[in-house]
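Structure first, commentary second.
The values are calculated or read from the model by the stated rules, or taken from the named source; none is laboratory data. Note that the coordinates shown come from a computational prediction; the quantities given were computed from them, not determined experimentally. Virtual Cβ from ideal backbone geometry, glycine too; neighbours counted across all protein chains shown.
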Amino acid sequence: MYSRVATATIRGIQSVPVCVEADVSDGMPVFEMVGFLASEVKEARERVRTALRNVGCALPPRRITVNFMPADIRKSGAGFDLPIAVAVLAAMGRLPHAVLDDVLIVGEIGLNGVVQPVHGVLPMVAEAKERGIRRCIVPRANRKEAALVSGMLVCGVENIGEVMRLLEDASWEKYAAEEYNIEETQPAVLPDFSEIHGQRLMKRACEVAVTGMHNLLFVGPPGAGKTMVASRIPSILPPLAEAERMELSKIYSVKGMLAGENGLLTQRPFRAPHHTVSVQGLTGGGRIPQPGEISLAHKGVLFLDELPEFARETVEALRQPLEEGAVHLVRLGGSYVYPADFMLVAAMNPCPCGYYPDMQKCRCTQTAIHRYLERISQPILDRIDICVEAPALTFGELTGQQKEETSAAIQKRVAVAQDIQRERYRKEGFSYNSQIPATKIREYCALDKKQEQYMEEIYGKLQLTARSYHKLLRVARTLADMDGGDRICDRHLEEAICYRSFDRKFWER
Ligand SMILES: [Zn+2]
């Protein structure tokens, strides 16, 4: 007898439809599985065989063939156990329907027949709905996540027995009857900029960076509040748009980090991986490919504290994603794309002890300082748009009673300046100044004759590269937008130059 079950596999964060066919016929008692399978999918055979025996449905001594379609897509992940089990049961005649094209089935099963949660349920269910499927059977632990896709009848199951009863009685409503209470979470209370006294320069840099989504670097001695300031950036980020919430939630689903209890993700991420993070942990990949920290920071902030402490190859791995807003991984059976459109915020001490260039306090040798700064390569520095020195707090700032501006007030200004950008770029494929392609710099960051001459001087003086020069102009564009002005003025250029002068100060080459 023949049977067919609809399921899916994940590539990157995309779900690809897969059809599992099973055939039980007379012949040598074997259990064969074919169709370009990753090793963990091949192992499903033993899990399914044992699990079915343990729930009282031992496989008959006949020839069992399971085929996965389409053949040219590599099937990976553990979510195929349940569709295989259902297809085999149906082909054995143990289920009333042999063809289950209109139900998406995913789930891993343990040897005792218990259905285990899997990663990537949200993109799978969303994609299934797009191809017209209206019912799905998922592990119970994934049911709330699946229910985030509206218009889908979601049945969360705990074990194979439950799946069999569900399909035998077609008791969909009973299993789906439970109301999935999805409560939109109130946004968590974020640390606020008003809690930081002084540090005007760093705060200004944060506002500029967020407005144009520019990459940002703080250099300064320990205790200057670099981390404190950076951790308040989420409080001035604009809210996520609906499509962005879905895209981001899919990434977290593929990583197995979406519970679904509180609906789709509402807040822009702020990820601060430790400096011991591996290249793979940062950019993604692995035997069973998973998104890395930079994809978890998609549409939000990736914060690298103590930048020189990160392995050089780890930081270098950011170069390509910073340019493209995505990670491309080539693996057996195809390439994967993980979105990684994030704002990079980094912080570092200027030398091993942290006090350079304050020579009264710094005890490092020139060589030690040089070696320390050398850990950050020029190509990475070129990708930083804004760098500010974080001065140690003055006594006045430390004890000041002055009322500081709240994050809400800053966020309001950010939103206004971002609207200007979105309006200007509405016909383009980007929305922020930091994303203006090199070919359109002249169009959007036009300078007058005098300004051009001035910039030529600066180009030589700061030893800019084409890339860093363009970054400077994009920042100037953002500063002009913050002023609500159409043209880039001299003062905007000057401020942008200040944010670019760090190369010369610290990294004299
Ligand atoms: Zn030092």
- Does region 208-257 hold any residues that are in contact with a His (Cβ under 8 Å, 6 or more places away or on another chain) and in a helix (DSSP H, G or I), and which are they? VAL208, GLU247, LEU248, ILE251, SER253, VAL254
- Residue ranges of helices (runs of 4 or more DSSP H) in region 425-509 with at least 2 members within 23 Å of PHE218 (Cβ to Cβ) and of a type in the set (D, E, K, R): 466-482, 490-498, 502-506
- Task: Quick one: count up the residues across region 1-17 that are among the aliphatic types (A, V, I, L, M), in a strand (DSSP E or B) and more than 25 Å from the chain's Cα centre (by Cα).
- Result: 2
- Please indicate, with yes or no, whether at least one residue in region 355-364 is under 17 Å from THR227 (Cα atoms), touching a Lys or Arg at 6+ places or on another chain (Cβ under 6 Å) and within 8 Å of the ligand (Cβ to nearest atom). yes
- Item | Selection within region 153-177 - modelled with pLDDT under 85 and surrounded by 13 or more Cβ atoms within 10 Å (Cβ to Cβ) | SER171, TRP172, TYR175, ALA176
- Might you check whether a residue that is surrounded by fewer than 17 Cβ atoms within 10 Å (Cβ to Cβ), charged (D, E, K, R) and over 23 Å from MET202 (Cβ atoms) occurs anywhere in region 491-503? no
- Message: Residues that are touching a Lys or Arg at 6+ places or on another chain (Cβ under 6 Å) and either farther than 27 Å from GLU195 by Cβ or exposed (fewer than 12 other Cβ atoms within 10 Å of the Cβ) (or both): does region 412-419 have at least one?
- Response: no
- Scan of region 196-220 for residues that are within 19 Å of LYS403 (Cα to Cα) and over 23 Å from the mean Cα position of the chain (by Cα), ordered by number: ILE196, HIS197, GLY198, GLN199, ARG200, LEU201, MET202, LYS203, ARG204
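Right, VAL66: at pLDDT 95 or above and either among the aromatic types (Phe, Trp, Tyr) or surrounded by 15 or more Cβ atoms within 10 Å (Cβ to Cβ) (or both) or not?
Values: at pLDDT 95 or above: yes; either among the aromatic types (Phe, Trp, Tyr) or surrounded by 15 or more Cβ atoms within 10 Å (Cβ to Cβ) (or both): yes.
Criteria met by VAL66.
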- Close pairs from region 51-64: first outside any loop (DSSP other than H, G, I, E, B), partner among the aromatic types (Phe, Trp, Tyr), Cβ under 7 Å, at least 6 apart: ILE64/PHE31
- Single condition TYR338 does not satisfy, out of (1) farther than 29 Å from LEU296 by Cβ; (2) more than 13 Å from the ligand (Cβ to nearest atom); (3) buried (at least 20 other Cβ atoms within 10 Å of the Cβ): (1)
- Contacts under 7 angstrom Cβ, first residue in region 69-81 being free of Cβ contacts under 8 Å to residues at least 60 places away in the same chain, partner buried (at least 24 other Cβ atoms within 10 Å of the Cβ) and β-branched (Val, Ile, Thr), 6 or more apart: ASP81/VAL48; ASP81/ILE109
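Can you say whether LEU322 is assigned by TED's automatic domain parsing to the domain that holds ALA272, more than 16 Å from the ligand (Cβ to nearest atom) and at pLDDT 95 or above, as far as the supplied structure shows?
Numbers: assigned by TED's automatic domain parsing to the domain that holds ALA272: yes; more than 16 Å from the ligand (Cβ to nearest atom): yes; at pLDDT 95 or above: no.
Taking the combined requirement at face value, the residue does not satisfy it.
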